[in-house]
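The values are calculated or read from the model by the stated rules, or taken from the named source; none is laboratory data. None of the values given here were measured: they were computed from a predicted structure. Counting neighbours? That spans all protein chains shown, and the Cβs are built from the backbone with ideal geometry, glycine included. Quick note on the areas: whole protein, heavy atoms, side chains included, nothing else; ligands and nucleic acids left out. Shrake-Rupley method; radii C 1.70, N 1.55, O 1.52, S 1.80 Å.
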Amino acid sequence: MPSVFIKTYGCQMNERDSEAVAAQLVAKGYTLAPTEAVADVVLLNTCSVRDFAEKKAIGKMQNIAADVRKNRPNVVLGFMCCMAQSRGQELIDKLPDVDLVLGTQKFHHAADYLDEILAGHRDKIVDVAAEPGSEATIREHLLYGKVARNGDGHKPPLQITAYVSIMQGCNQRCTFCIVPDTRGEERSRSIADIVAECRQLVSQGVKEITLLGQIVTSYGKRGVGRAELPLGRDAQQRVPTTEKSPFVQLLEAVHEIEGLERIRFTSPHPKGYGDDLIEAYARLPKLVESAHLPVQSGSDRVLKLMHRGYTRERFLGLIKKLRRARPDIGITTDIIVGFPGETEDDFEQTLSLAREVGFDNAYLFKYSPRRDTPAAGMPDQVPLKIREERNHRLLETINEIGKRKYDAFVGRRTQILVEGPSRKNPARMTGRTRCNRIVVFEGSERHRGQLLDVKITRAGSFTLYGDPAIVNL
Ligand code: SF4
């Protein structure tokens with residue numbers, strides 16, 4: 001059977017989609033190739049959020065095509081996900097070596113399309129059409145095979161954490177974002193369907209599940225899919241109306257799963273944090289004290305231009321409520337620097353908001369115009385030099401706050417869930433605190449999957465170190 005190599009750009013949703021496609025292909029008998037240089041099929045899972053990400057994927061494909069076409073002309077090359085969706089046929093016109101372009105609602109067809117191309121029945125396939133029910137097709141996992149080199153006899157390690165896709169798409173239409181075009185309208189899976197997938201994962205040894213979606217706090221607001229209906233029918237139905245949002249109803253249902261230790265979710269939208277969700281933090285012990293809340297800017301004027309739907313005051317009020325519910329909550333964020341029209345005063349407000357909240361970490365993005373988004377045509381685009389300079393200043397502030405917060409952990413005992421060997425130093429083990437901080441310690445394989453109390457002895461740059469002498473053996 002052919003071997004496949006999938007390279008993923010972008011967010012956790014893309015990571016999850018790649019895993020589901022890989023699992024689908026492995027189930028069909030494909031093996032996973034360690035590099036593109038030895039694969040029979042190379043798929044690039046692409047991101048469109050920034051221009052840079054698109055350019056990187058196109059450049060990578062050009063290099064792969066130049067190489068494989070010289071030496072191995074039968075290798076199948078494909079693009080999938082966001083850039084595939086937004087550019088479609090244009091990608092093949094630009095890169096004629098590409099054989100497959102698979103849109104964001106078509107991942108479940110990957111194996112069939114590759115079979116057709118490999119068998120010579122079809123030359124090129126571009127499929128970026130919408131497909132009702134496709135939100136429920138991202139369900140296969142590679143718990144044992146993700147890092148395996150099939151056929152080499154190496155037993156792959158157990159996966160302790162897993163992502164579960166609960167919805168696709170976004171209806172928010174932030175003015176800088178291309179996601180509503182690439183991922184389509186919000187479509188949610190049914191609670192029963194999601195819980196069944198989570199149960200299955202837990203029965204295979206998973207202890208922590210992260211519920212995934214572009215805007216998870218909108219889960220179910222436009223109905224949920226009916227798992228019993230066949231794909232191809234518009235299967236959304238209303239969630240029964242109670243005082244709780246569908247997302248909180250989902251959290252409660254997942255929380256019931258015996259053997260599951262921790263629940264996380266990403267990405268929420270600040271305006272979707274109702275009191276019922278904050279109250280859920282106080283009530284559901286498996287829902288860990290960690291929140292990724294993309295604020296994007298600290299200036300009301302810029303937030304309005306971005307079409308974010310909340311003010312600085314409302315965001316700060318939300319942080320207060322969350323800290324009241326869970327005093328130790330870890331809060332991270334996304335911030336865009338240099339949005340069109342952002343003045344020095346607007347930027348100063350972002351700096352002051354970062355200090356006031358005391359984010360544990362923040363992902364900073366220099367604004368990058370995306371075609372077909374309202375922000376790309378806005379006046380007063382901020383020159384690159386200023387965007388870079390502001391990015392640098394904000395990064396210094398975030399690092400300074402992060403260092404203070406991480407240093408404060410030294411000497412404390414904290415619970416971690418051990419995930420496996422550290423990526424930087426596989427001789428050590430790594431786990432995560434409930435508030436999502438990474439802890440490295442001198443453990444061994446037998447600690448994998450355990451909830452351990454460790455004493456923090458040292459803080460590095462966004463990493464904590466635990467004393468092996470204190471580990472409960
Ligand atoms: S909420 Fe805004 S930034 Fe997030 S995916 Fe939707 S449109 Fe994009």
Please determine, by comparing only the residues of the range 291-313 that are among the polar types (S, T, N, Q) and open to solvent by less than 30 Å² (accessible area, probe 1.4 Å), which one is farthest from the ligand (Cβ to nearest atom).
SER299
What are the pairs with Cβ atoms under 6 angstrom where one residue, in the range 346-358, is under 18 Å from VAL382 (Cβ atoms) and the other, located anywhere, is open to solvent by less than 10 Å² (accessible area, probe 1.4 Å) and at pLDDT 95 or above? Sequence gap at least six, or different chains.
ASP346/SER299; ASP346/VAL302; GLN349/GLY298; GLN349/SER299; THR350/SER297; THR350/GLY298
Going through (1) open to solvent by less than 20 Å² (accessible area, probe 1.4 Å); (2) part of a loop (DSSP other than H, G, I, E, B); (3) more than 21 Å from TYR219 (Cβ to Cβ) one by one, GLY259 fails only at (1)
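Residue by residue, here is whether (1) among the hydrophobic types (A, V, I, L, M, F, W, C); (2) closer than 30 Å to THR433 by Cα; (3) open to solvent by less than 80 Å² (accessible area, probe 1.4 Å); (4) at pLDDT below 95 holds:
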{"site": "GLN349", "(1), (2), (3), (4)": "no, no, yes, no"}
{"site": "LEU353", "(1), (2), (3), (4)": "yes, yes, yes, no"}
{"site": "LEU364", "(1), (2), (3), (4)": "yes, yes, yes, no"}
{"site": "ILE398", "(1), (2), (3), (4)": "yes, yes, yes, no"}
{"site": "ASP407", "(1), (2), (3), (4)": "no, yes, yes, no"}
{"site": "VAL410", "(1), (2), (3), (4)": "yes, yes, yes, no"}
Is at least one residue of the range 340-347 surrounded by fewer than 19 Cβ atoms within 10 Å (Cβ to Cβ) and outside any helix (DSSP H, G or I)?
yes
Let me spell it out: the conditions are (1) crowded, with 21+ Cβ neighbours inside 10 Å; (2) assigned to a loop (DSSP other than H, G, I, E, B), and THR333 meets all of them except one. Which number is the exception?
(2)
What number of residues within the range 269-286 satisfy the criterion of being within 21 Å of SER297 (Cα to Cα) and assigned to a loop (DSSP other than H, G, I, E, B)?
3
Filtered residues of the range 168-203 (kept if surrounded by fewer than 22 Cβ atoms within 10 Å (Cβ to Cβ), near the ligand (Cβ under 8 Å from one of its atoms) and part of a helix (DSSP H, G or I)):
PRO180
Take the range 262-276 and flag every residue that is within 16 Å of the ligand (Cβ to nearest atom) and buried (at least 18 other Cβ atoms within 10 Å of the Cβ).
PHE265, THR266, SER267, PRO268, HIS269, PRO270, GLY272, TYR273
Could you please give the count of residues in the range 1-40 that are open to solvent by 30 Å² or more (accessible area, probe 1.4 Å), over 18 Å from LEU212 (Cβ atoms) and in a loop (DSSP other than H, G, I, E, B)?
6
